[in-house]
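The values are calculated or read from the model by the stated rules, or taken from the named source; none is laboratory data. These numbers come from a predicted model, not from an experiment. Here the Cβ is made from the backbone with ideal geometry for all residues, glycine too, and neighbour counts use every protein chain on show.
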Amino acid sequence: MAYKVIGESTERWDAVAKVKGKASYTADIPMKKRLHGKICRATIAHGMVKSMDLSEALKVPGVVKILTPDDLPKNSFPTAGHPYALNPMARDKADRNILTKKVRLYGDEIAAVIAETELAAEIAVNKIKVEYEEYPFYLTPEESLAEGAYEIHEGTKNTIAATVADVGDIKKGFEESDHIFEDEYSTQIQQHCHMESQIAYAYQDVDQRWVCVSSTQIPHICRRILGEAFAMPWGQFRVIKPFIGGGFGNKQDITIEPLVVAMSMAVGGRPVMLELQREESIAFTRVRHAISYKMKLGVSKDGYIKAVEVHLLSNNGAYASHGHSIAAKGGGMLQALYKIPNMYYDAKTIYTNTAAAGAMRGYGVPQIMFAIESHMEKIAKELNFDPIEFRLKNLAPTDVENPVNHIVPYSGKLDECLERGKELFEWDRKKEESLKYKTGDFRRGVGVATFSYTSGTYPKGYEIAGCRLILNQDGSVKMMVGATEIGQGSDTVFRQMIAETVGIPYENIYADAFTDTDYAPFDTGAYASRQSYVTGMAVKKSAEELKRKILLAAEKFTGIKPEFLDVNNGNIVYKHNGEILESLADIALKSFYDIEKGECIVAEVSNNCHENSYPLGATFAELEVDIKTGKVEILSILNVHDSGVILNPLLASGQVEGGMGMAIPYALSEELRYDKKTGAPLNNNLLDYKMPTSMDLPDLDHLFVETDDPFGPYGNKALGEPPICSPAPAIRNAILDATGVEFNHLPITPEKIFKVFNEKK
């Protein structure tokens, strides 16, 4: 379908405000008589608070109040930003309290100081004296599951959940296999490291309700969780999200909002702000799940997959957060990627005494893609299959229901992604060239990996989104959505959708920078690459409804039936020849102020999404390994995406480059580490946590293979998270090609490479 506005590289509507420093983030909003909060954190990894001496802390000038667990409600609540499950058995685990006496990780929240200044609060926190009863702590799932292990949460045996996805006959599949390959893989704990840390403030409004202003991805869900934390009606809370400085899933969890509301309640409704320091954000909020895999794969002699068996342990840290959904998702992703007639996928999610793992860009898919794509490369190498051809012959078919998640992929061009990527990347030339560099100090290799993803969470999650459009007196349109703009450019794309559907100029559509649960239509938030797909459906339907109402209004003042009218570039025109009859501004003004026929033109639609579509793609990587130092230099890297119709190429390119920029350090450097003697985080700062700068990254190339997805509101599919899913295994596979060594455990640091080749000498 030919579009006028969709597909244009429209500049982000908020770009100028952000560049000029005019955008207001949570910290920028003035508050009268603002107080400051600080968290007192545990200095053991597992145990019980026996006593707290607050006397010296209370003497600090400026201290107003100190809260302990005894001062707060004892209601347990979940923190994950999941859609609300109507089935109680499917709801998130309510295993968190606002403050706790039972310490489950080093840095757990055991008290909170409220003071006139941030400095006073910081000084007071350091003067609180705590006596502990210490228990054994566990940094890995294997330790937590060991016989006699102390329970982190009583009655759980340190297991959050366990599931099995069983397809076909796994025993028969292996019997029919000519070759069987087994190996183990693991991924590490990664942090989001968004620019703006977790920050929120709360106060009591004139209507006696509690207002929480927060840098959150999920304002409507935040309101619900506040209601659960305080056992109060949800309507007693109002959540406002200003401009947000990144989230990547870390702000799809409610981390500080109940505490900051409790602080305000403790001081009679006076505003209290709580902002986490970088060290706190890295170590004590949410992280990517570290997952270990045991992979077993059987293939026929001609290279077709016959059976796949996977056993995995997912490290969920000290609290459930998003829990088992990350680990469980992998089985469906395998079936979406390859035709696997027989599969046994055994997933367990385990409590440990590390930072709680939650949502992070890719939501479990980078982990499973690393395991399966590394294993596919192992098989291709050992059986002398071309790695691209091996993948091509095993791709999952379209129009066939996924037996695990029951999604039917009605569009998918992964084969074209591989073929066009191979051509653009110059795979054959680079592969041939790398043969000259298989010995010596500098060795080169190329690698490839594929991925599958989803667009939203249906059918596992209840996906609903709303959009309200208001026609202003001058013919412009005000857009209100409950979906949150968190830096991905969703509000810009929504404006393009409205311009396309209604027939008005893009610049005549206005968006809200803030999301306010009192005014914004209900939407579950920003996660799962759902914005343009799920909320986009609501935006399109609302735009269609607004156009219908505009044409009805035009009929009143022109006498021409709506079926003969259209809206084009902000004008009411004859549909058959485009002749301008009236401007939309004139029609709007008449509609508002006509004595006999006056009405406000508003369209509001909620959409309950019952669809899902797979974005697909591949990464190609060329690199050089310095054998003497272990350093890896990426010479070229290419991401190829089938994300349906590309709504805005400029924004799409930004999403891909951002995802690749997060994926490369996931492969090579980033890992949150812990002291094995104390359980304390070792590198929760930007000096020791090895994030790359722009100077450390190579040129990030990308290609879009466009499809017209039948379920996407404009033929589009997810794009925000897919770019991070396949670079890590592609880099690993290129290192294998360069060195002949299988590095099966992320990150592949210079230290690991150096150690392998140093030991060989």
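Quick check on the range 386-405. Is at least one of its residues crowded, with 24+ Cβ neighbours inside 10 Å and hydroxyl-bearing (Ser, Thr, Tyr)?
No, the range 386-405 contains no residue that is crowded, with 24+ Cβ neighbours inside 10 Å and hydroxyl-bearing (Ser, Thr, Tyr).
From 242, 233, which residue is within 20 Å of the chain's Cα centre (by Cα), outside the structural domain of residue 374 (by TED's automatic domain parsing) and not aliphatic (A, V, I, L, M)? Let's see the steps before the verdict.
Details: 233 fails: within 20 Å of the chain's Cα centre (by Cα).
Selected residue: 242, the only one of 242, 233 that is within 20 Å of the chain's Cα centre (by Cα), outside the structural domain of residue 374 (by TED's automatic domain parsing) and not aliphatic (A, V, I, L, M).
Out of the range 127-150, which residues are in a loop (DSSP other than H, G, I, E, B), out of contact with any Phe, Trp or Tyr (no Cβ under 6 Å at 6 or more places or on another chain) and in contact (Cβ under 8 Å) with a residue 40 or more places away in the chain? I'd like the intermediate steps shown before the answer.
Of the range 127-150, the ones in a loop (DSSP other than H, G, I, E, B) are 127-128, 135-140, 145-150.
With out of contact with any Phe, Trp or Tyr (no Cβ under 6 Å at 6 or more places or on another chain) added as a condition, the list becomes 127-128, 137-138, 140, 145-149.
Those that are in a loop (DSSP other than H, G, I, E, B), out of contact with any Phe, Trp or Tyr (no Cβ under 6 Å at 6 or more places or on another chain) and in contact (Cβ under 8 Å) with a residue 40 or more places away in the chain: 127, 128, 137, 138, 140, 145.
Limited to the range 695-719, what total is found for residues that are more than 15 Å from residue 618 (Cα to Cα) and not basic (Lys, Arg)? Reasoning before the result, please.
Our first condition is that a residue be more than 15 Å from residue 618 (Cα to Cα); within the range 695-719, this holds for 695-699, 707-717.
This time we only want the ones that are not basic (Lys, Arg), so: 695-699, 707-716.
Adding up the residues that qualify gives 15.
Got a sec? Which of 604, 633, 596 is acidic (Asp, Glu), in the same structural domain as residue 535 (by TED's automatic domain parsing) and exposed (fewer than 15 other Cβ atoms within 10 Å of the Cβ)?
The match here is 596.
In the range 676-690, what residues are exposed (fewer than 15 other Cβ atoms within 10 Å of the Cβ), within 23 Å of the chain's Cα centre (by Cα) and not polar (S, T, N, Q)?
686
For the condition acidic (Asp, Glu) and buried (at least 24 other Cβ atoms within 10 Å of the Cβ), what is the one hit in 523, 518? Steps first, answer last, please.
Numbers: 518 fails: buried (at least 24 other Cβ atoms within 10 Å of the Cβ).
So the residue among 523, 518 that is acidic (Asp, Glu) and buried (at least 24 other Cβ atoms within 10 Å of the Cβ) is 523.
When you scan the range 476-515, how many residues do you find that are in contact (Cβ under 8 Å) with a residue 60 or more places away in the chain, in a loop (DSSP other than H, G, I, E, B), surrounded by 24 or more Cβ atoms within 10 Å (Cβ to Cβ) and not polar (S, T, N, Q)?
Here the count works out to 5.
Within the range 22-59, how many residues are assigned to a strand (DSSP E or B) and not basic (Lys, Arg)? Write out each step before concluding.
Restricting attention to the range 22-59, the residues satisfying the condition of being assigned to a strand (DSSP E or B) are 25, 35-41, 47-53.
Still in the running and not basic (Lys, Arg): 25, 35-37, 39-40, 47-49, 51-53.
The number of residues fulfilling the criteria is 12.
Could you list all residues from the range 578-607 that are among the small types (Gly, Ala, Ser) and touching a Pro at 6+ places or on another chain (Cβ under 9 Å)? Show your work before the answer.
Step one: of the range 578-607, the residues among the small types (Gly, Ala, Ser) are 578, 583, 585, 588, 591, 598, 603, 606.
Within the range 578-607, 606 is the sole residue that qualifies.
Does residue 98 satisfy the condition of being modelled with pLDDT of 95 or more, surrounded by 18 or more Cβ atoms within 10 Å (Cβ to Cβ) and out of contact with any Ser or Thr (no Cβ under 8 Å at 6 or more places or on another chain)?
Numbers: modelled with pLDDT of 95 or more: yes; surrounded by 18 or more Cβ atoms within 10 Å (Cβ to Cβ): yes; out of contact with any Ser or Thr (no Cβ under 8 Å at 6 or more places or on another chain): yes.
Yes.
Quick one: in the range 692-727, which of the residues that are over 23 Å from residue 527 (Cα atoms) and among the aliphatic types (A, V, I, L, M) is surrounded by the fewest Cβ atoms within 10 Å (Cβ to Cβ)?
Ranking the candidates gives 695 first.
Could you please let me know if residue 548 is crowded, with 17+ Cβ neighbours inside 10 Å, outside the structural domain of residue 218 (by TED's automatic domain parsing) and at pLDDT 95 or above? Write out each step before concluding.
Details: crowded, with 17+ Cβ neighbours inside 10 Å: no; outside the structural domain of residue 218 (by TED's automatic domain parsing): yes; at pLDDT 95 or above: yes.
So residue 548 fails the test.
Any residue in the range 12-21 that is of a type in the set (Val, Ile, Thr), surrounded by fewer than 15 Cβ atoms within 10 Å (Cβ to Cβ), assigned to a helix (DSSP H, G or I) and in contact with a Lys or Arg (Cβ under 9 Å, 6 or more places away or on another chain)?
Kept after step one, since they are of a type in the set (Val, Ile, Thr), are these residues of the range 12-21: 16, 19.
Within this subset, residues satisfying the condition of being surrounded by fewer than 15 Cβ atoms within 10 Å (Cβ to Cβ) are 16, 19.
Then keep just the ones that are assigned to a helix (DSSP H, G or I); that gives 16, 19.
Of the ones still in play, those that are also in contact with a Lys or Arg (Cβ under 9 Å, 6 or more places away or on another chain) are 16.
Among the residues of the range 12-21, at least one is of a type in the set (Val, Ile, Thr), surrounded by fewer than 15 Cβ atoms within 10 Å (Cβ to Cβ), assigned to a helix (DSSP H, G or I) and in contact with a Lys or Arg (Cβ under 9 Å, 6 or more places away or on another chain), which makes the answer yes.
Test residue 622 against the stated conditions and say whether it is within 30 Å of residue 42 (Cα to Cα) and crowded, with 22+ Cβ neighbours inside 10 Å. Full working, then the answer.
Values: within 30 Å of residue 42 (Cα to Cα): no; crowded, with 22+ Cβ neighbours inside 10 Å: yes.
Here the answer is no, as residue 622 does not meet what is asked.
Only residues that are of a type in the set (A, V, I, L, M) and either over 30 Å from residue 487 (Cα atoms) or within 19 Å of the chain's Cα centre (by Cα) (or both): list them for the range 715-747, please.
So the first thing to find is which residues in the range 715-747 are of a type in the set (A, V, I, L, M), and the list is 718-719, 724, 728, 730-731, 734-736, 738, 741, 746.
Matches in the range 715-747: 718, 719, 724, 728, 734, 735, 736, 738, 741.
Can you tell me which residues in the range 164-194 are charged (D, E, K, R), part of a loop (DSSP other than H, G, I, E, B) and under 21 Å from residue 329 (Cα atoms)? Please lay out each step first, then the result.
Keep residues of the range 164-194 that are charged (D, E, K, R), which gives 166, 169, 171-172, 175-176, 178, 182-184.
Of the ones still in play, those that are also part of a loop (DSSP other than H, G, I, E, B) are 169, 176, 178.
If the condition is that a residue be charged (D, E, K, R), part of a loop (DSSP other than H, G, I, E, B) and under 21 Å from residue 329 (Cα atoms), then 169 is the only one that fits.
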